[in-house]
Every structure is written in C-alpha cells, then in structure tokens.
Amino acid sequence: MSTTAAPSKVSGFRWDPVFDELGFPKDPDNMYTQTVATMLEAAEVVGLPHRVKIILAQPKNELMVHFPVRMDDGHHKLFKGYRVQHNNALGPYKGGLRFHPDVHLDDVKSLALLMTIKCSAVRLPLGGGKGGVKCDPRKLSAGELQRVARRFTAAIINDIGPDYDIPAPDVGTNAQVMAWIADTYQMSNNTRSNDGMRIVTGKPVEIGGSLGREKATGQGVADVLEEMLPQMGIPIQGMKVSVQGFGNVGSWAGRILQKMGARVVAVMDHTGCLRNDEGFDCEALAGHCREAGGIAGFEKHGGTTSSGNAHGKGATEITVDEFYQTPVDVFIPAALEQMVQSREAEMLQCRVIIEGANGPVTPEGDEVLNRRGIHVIPDILANAGGVTVSHFEWVQNKTAHMWDEETVDRELKRYMVMAARRTLLAANKYDVPLRQAAYCSSLEHLGAVYKVRGIFP
Ligand code: GLU
C-alpha cells in the first residue's frame, strides 16, 4: 500500500496528489478511491483543469437516512438508506437505487461517480447519482419490501425530483419497486399535476415505463459487442460466451446474444456455476431463475420447454475456478463490483471482457488483463444502455408520448454505437486501453461543459 504523496504506481493504482489535497484515506482497496483514481488518470491524459478534477473527485451531496419499517411479525426494524448526488453539470442527477445487504456509503459514492462519467460518455443530458438501502430483498416479504420502498421514498422525498434527481432500478430493485416509489411520491405531491410519476424511470409500462427498458442494459451490451467485435476479429455467430450473474443484465445479454448466434457455455450466480458446451437455452434458464431464485438445479431439468427447446440438457455443475477457466471468446461479468481481482484475471480464458455490472474489475485485475492482452470494454460504455433508455422514458413522460419498441431499440443502438466509436477514437488518439479511452471521451465532454459554464460565482 502506498502512503507517499508523490504520484506512484501501486498495483494498478496511481496515487494522485488530489487525494492528499482532499484528504482521502489511503486505502487502495476502497472502491471509491479506486474509481476516483481511474477518473484522475484519464483527467491527466486529457489535460482536465485542476478545478474540474477536484469537483469530480467528490460528490456534491451525500444523504444518509435511517427509517423504521413494520415487519410482518409486528416488530419494527430500523433501515439505513443512501442517496448520493455526484454531479449535475450536464443535467438532473440520475442513477439507480440498490437494495442489498452490502450497501455502504463509499460504494454508493463510486457508483454515483460512475453514473456521471457514464452519462457523459453516452452524451446524455443527465448527471450522476446513486442510492440504496442496506437490506436483503430476498429475505423480505412483498409487503415488507413495499413498506421499505415507500418509507425510504418518504425519507428522501425533499431531496429528489422529476427535474432534479431521478432514481431507477439497480441491483435488488425492479419495476415494481419503482412503481411503489412513484406512487408514494405522487401521493405526497400536493399539486393537481400527475407529473410526479416522472420521479423514477424503469417503471412498469402501465404507468409510463418505456417499452424496451427492462432488457435495455443487456441490449446495450449486445449493441456495443456488435460494433466492436468485428474490429477485434471475433464474429458473433458461433462465439462462446460466459456470463457471471444471471439477473436482469446477464440474462438479457445472454438471451439477446443467443438470438444473434452466440453460444452461452458457462454461467455463474450466487447459487452456483454451470457449464454447457452445447450452449444454454437462455430463455429457459431465465425462466428457471424466476421460479427458483437462481441457476442452481437447472441442470436437473432434462426435459424440453413448450417451444421444444432443450432445457437443462447437457448442463453440468462446475466449480467457481472452473467457471473462470472455461475457454470463451467473451466473458460478461454482470453481477456485483470487485469480483474480478488479480487471481480471477489470471484464470480467465477469454479474449474480451464486457462489463455488464458496474465496477466488476479491480485496478489490480485490470492491470493483469491489460498485461495478458485481454480487451476490457468498460462498464461506463458497456452497461450504459439502461440509463440511455431511462432517458428515453423520461423524455416520453415529459412529452406525454409513447415510443414503439422499434424506435426505442433503434435510438438505443444509435447512442451505443456512437459512444463505442468515440471510445475507439479516444483509444487511438491517446494510445490507452478501452477503459481509459471511455473515461477520456467522457471527461473531454465534461471539461468542455465546465469551460463554457464556468464556475459560480
Ligand atoms: N442502475 C443502472 C445503471 O447503473 C441504470 C440507472 C438509470 O437508469 O438511471 O446504469
């Protein structure tokens, strides 16, 4: 661990003088420090002025709340919630709400910073924010989950707004949770306008959600691969893929890529790891996960689905190490952050990693992958499809007009392809790996915005 003030390179981590200036704790394993370090490195490359660097190194607002919720057995439990508003120079704060037992302030801060960088990389007129509640949604009844969502909304109600800070789904939340939040906000909004439903995106379609939003992050992953893989000499038709995490992002990416001719040959989630050299029936696997809560047990389903597809036929259980060692063209980490550290990075047998999750690869992992010549298509580009369609949802709500799914998909692809091309251009211009290139492209835009806006007063 480096404790020196001078910039030094320690395990893929550069200790920028800004850390000392702002009094950051010297912990290179801290995810917030890691994310800021990545941002500052790219800031150096594009020559971002010092004043913009220090603004982006800290969130504008960090809100922490505690609120009681009545549990089904009648007792009350106190929950802790967060909303971090990182930056709104480009537009309203935007980003998901995570319900997970490991939600901590520093993680929420890094995820909020990633949202600022992501929205700028895709050139959306949105800023960055993130929030969450420390809880295990798998252990809450539907009634308890609803009361947590509504009471958390009440706790932050004066700090969010449809043109100020717009939450969305993230790990452990979904369209139903967004519906409860929107309803709580709208019911507490004592005007005669129905505009309060714009408070969140990722809503069910019945109450103003966008067609194509649920699959949007997975669709964006596929769009970026379609743009970038030919340049890496990898045809999608017949390519082998492994997927870590089979929730919203992983399962949709798997289903869409399978339809495009790829074979998903290994999957891992919190319940186990499976391999199938023939390629999984991702639609059937997603259906199994909805019922069973995870991939475990899928291998026991040897039958066929109503569509005639083989179910779990050919699938076998493997260990976590065997999962990482399965030879594939593309590995999609779509679970939680910091899962690919140097050990996992050494084990991987793939040519490309595309980050469906936010921050799944640590700086140490990144350094190993760069050394091994494995391309990493970073989160801020790869998973930006979700927030892009969130933006479309917000626009549709503002204009009271619903787009058809073809329009959503076509516009999403346009945004993703343009962002991928800007990343490749930056990679050539600055001669840096794709992660830094995406940050560089994003920071060039943020820098230009700060240049013309200036800094108040
Ligand atoms: N939680 C998603 C992300 O990390 C989506 C955020 C949004 O739609 O606002 O990008």
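Listed values for the range 366-375 are Karplus-derived 3J(HN,Hα) couplings in whole Hz (6.51 cos²θ - 1.76 cosθ + 1.60, θ = phi - 60°), namely 4, 5, 4, 5, 4, 4, 7, x, 8, 6, and x replaces Gly and Pro. Here the chain carries DSSP beta bridges of which approximately 55% are antiparallel, counting only pairs with both residues inside. Restricting attention to the range 192-308, close to 45% of DSSP beta bridges with both partner residues there are antiparallel.
Here the relative contact order of the range 51-157, from alpha carbon pairs under 8 Å that lie six or more residues apart, stands at 31 percent. In a fully extended conformation the segment linking N158 and Q176 would gain 4.3 nm over its present Cα-Cα distance, using 0.36 nm per residue. Annotation: amide H of N87 within the under-5 Å range of K60, G128, sequence separation 5 or more or interchain, hydrogens built in the peptide plane. Measuring between alpha carbons in the structure, the pairs from K240/K313; K413/K451; K240/K300; K240/K413 lying more than 20 angstrom apart are K413/K451; K240/K300; K240/K413. A helix-only calculation puts the chain at -13500 deg cm²/dmol for mean residue ellipticity at 222 nm, using -39500 (n - 2.57) for each DSSP H run of at least four residues, averaged over all residues.
Between T319 and E278, full extension at 0.36 nm per residue minus the direct alpha carbon distance yields a gain of 12.9 nm.
Extension gain, L78 to D29: 0.36 nm times the residue separation minus the Cα-Cα distance gives 14.7 nm. Couplings 3J(HN,Hα) for the range 130-139, derived from phi with the Karplus relation 6.51 cos²θ - 1.76 cosθ + 1.60 (θ = phi - 60°), are 7, x, x, 10, 6, 6, 10, x, 5, 9 Hz, where x marks Gly and Pro. Is the C-alpha gyration tensor of the range 72-197 telling us rounded, prolate or oblate? Criteria: a/c under 1.5 is rounded; beyond that, a/b larger than b/c is prolate, otherwise oblate. Because a/c hits 1.5 or more and a/b fails to exceed b/c, the range 72-197 counts as oblate. If both residues of a DSSP beta bridge must be in the range 67-195, then about 55% of such bridges are antiparallel. Computed 3J(HN,Hα) for the range 342-352, one whole-Hz value per residue from the Karplus formula 6.51 cos²θ - 1.76 cosθ + 1.60 where θ = phi - 60°, is 4, 4, 5, 4, 5, 6, 4, 10, 9, 9, 9, glycine and proline marked x. As a length-normalised measure over Cα pairs under 8 Å and 6 or more apart, the relative contact order of the chain settles at 15 percent.
In this structure, E21 and M187 have a Cβ-Cβ separation that, at R0 = 56 Å, corresponds to a calculated FRET efficiency of about 0.80. Between I234 and D106, the simple label model (points 7 Å from Cα in the Cβ direction) yields a spacing of 3.2 nm. Taking amide H as placed 1.01 Å from N in the peptide plane, G279 has no amide H partner under 5 Å among residues 5 or more places away or on another chain. Counting other Cβ atoms within 10 Å as a rough exposure proxy, the listed residues S390, S188, S342 run S188, S342, S390 from fewest neighbours to most.
Between K259 and L425, the distance separating the two model label sites (each 7 Å from Cα on the Cα→Cβ line) works out to 3.0 nm. Of Y164, Y185, the sequence from fewest to most neighbouring Cβ atoms within 10 angstrom is Y164, Y185. Between the range 164-179 and the range 55-118, the alpha-carbon centres lie 12 Å apart. Near S242, once Lys and Arg are set to +1 and Asp and Glu to -1 for all other residues with Cβ below 11 Å from its Cβ, the sum equals +1. Assign one of three labels to the chain, namely rounded, prolate or oblate, based on the Cα gyration tensor with a ≥ b ≥ c the square roots of its eigenvalues; rounded applies when a/c is under 1.5, prolate when it is not and a/b is larger than b/c, and oblate otherwise. Taking the square roots of the gyration eigenvalues as a ≥ b ≥ c, the chain is rounded. Anisotropy class assigned to the range 348-457 is oblate, per the alpha carbon gyration tensor with a/c at or over the 1.5 cut-off and a/b no larger than b/c.
Excluding residues fewer than 8 places away in the same chain, name every one of the lysines whose C-alpha is closer than 17 Å to that of K26. Excluding near neighbours in sequence, the set is K9, K109. By the count of neighbouring beta-carbon atoms within 10 Å, fewest first, H375, H50 end up ordered H50, H375.
None of the figures in this text is laboratory data; all of them are computed from the coordinates on show. These numbers were taken from a predicted model, which means no experiment stands behind them. Here the Cβ is made from the backbone with ideal geometry for all residues, glycine too, and neighbour counts use every protein chain on show.
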